[in-house]
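Chemist: Here it is: the structure, laid out below.
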Amino acid sequence: MNKEVLAFGKVIQRERKLLKLTQEELAYRASLDRTFISYVENGRKIASIVSLFAFAQGLNVKASYLIQEVENELKALKR
């Protein structure tokens, strides 16, 4: 899987854990399937733009924040 997909999954997982949410709780908040969240967090599925906004809603952040965090993650990988 490509590095952007892996970085996005890592950001989603980190933000979820910061909020002390289970995948099930995030799934409920974001109106997404728990299995899909697991796949995204592990880089096995690519999130669509619609999913990006659902994740943002579930994590109570802006979609732009999640994208910025992915960019930061990618920069950290280059070091």
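Chemist: Could you tell me the extents of the chain's C-alpha atoms along the three principal axes, largest first, rounded to whole Å?
Modeler: 36, 23, 22
Chemist: While we're looking at this one, here's another question. Could you work out the helix-only [θ] at 222 nm for the chain, with each DSSP H run of four or more residues adding -39,500 (n - 2.57) and the total divided by the number of residues, to the nearest 500 deg cm²/dmol? Intermediate values should be presented prior to the final figure.
Modeler: On the way: 5 runs with 59 residues, N = 79.
Helix contribution divided over all residues of the chain: -23000 deg cm²/dmol.
Chemist: Another question, then. Subtract the Cα-Cα distance of Asn72 and Glu4 from 0.36 nm times their separation in residues, and report this length gain in nm to one decimal. Please list the in-between numbers first.
Modeler: Details: separation 68, 0.36 × 68 = 24.48 nm, distance 1.09 nm.
The span from Asn72 to Glu4 would gain 23.4 nm if fully extended.
Chemist: Quick check: the distance between the Cα centres of the stretch 15-40 and the stretch 49-79, to the nearest angstrom?
Modeler: 14 Å
Chemist: Here is a follow-up. Averaged per residue, what accessible area in Å² does the chain show with a 1.4 Å probe, protein chains only? Before the final figure, lay out the partial values.
Modeler: Numbers: 5120 Å² over 79 residues.
That works out to 65 Å² for each residue.
Chemist: Moving on to the next point. In percent, how large is the relative contact order of the chain, given Cα pairs closer than 8 Å and 6 or more residues apart? Write down the numbers at each step before the final one.
Modeler: Numbers: 79 pairs, mean separation 30.7, N = 79.
Dividing the mean separation by the residue count of the chain yields 39 percent.
Chemist: Grab the other residues whose beta carbon is less than 14 angstrom from that of Lys20, score K and R as +1, D and E as -1, and report the net. Don't skip to the end; give the middle numbers.
Modeler: On the way: positive: Arg14, Arg16, Lys17, Arg29; negative: Glu15, Glu24, Glu25.
Overall, the nearby charge balance is +1.
Chemist: Work out from phi, with θ = phi - 60° and the Karplus expression 6.51 cos²θ - 1.76 cosθ + 1.60, the ³J(HN,Hα) of each residue of the stretch 42-51, listed in order in whole Hz, and give x for Gly and Pro.
Modeler: 9, x, 8, 9, 9, 7, 7, 4, 5, 5
Chemist: Roll a 1.4 angstrom probe over the protein heavy atoms and tell me the percent of accessible area of the chain that is carbon or sulfur. Each step should come with its number before you reach the end.
Modeler: Numbers: 2720 of 5120 Å².
The computed percentage sits at 53.
The values are calculated or read from the model by the stated rules, or taken from the named source; none is laboratory data. What you see is a predicted model; the values in this text were computed from it and never measured. Using ideal geometry, Cβ is built from the backbone for each residue, glycine included, and neighbour counts are taken over all protein chains shown. In case anyone asks, the SASA skips ligands and DNA or RNA and just uses the protein heavy atoms, side chains included. Shrake-Rupley method; radii C 1.70, N 1.55, O 1.52, S 1.80 Å.
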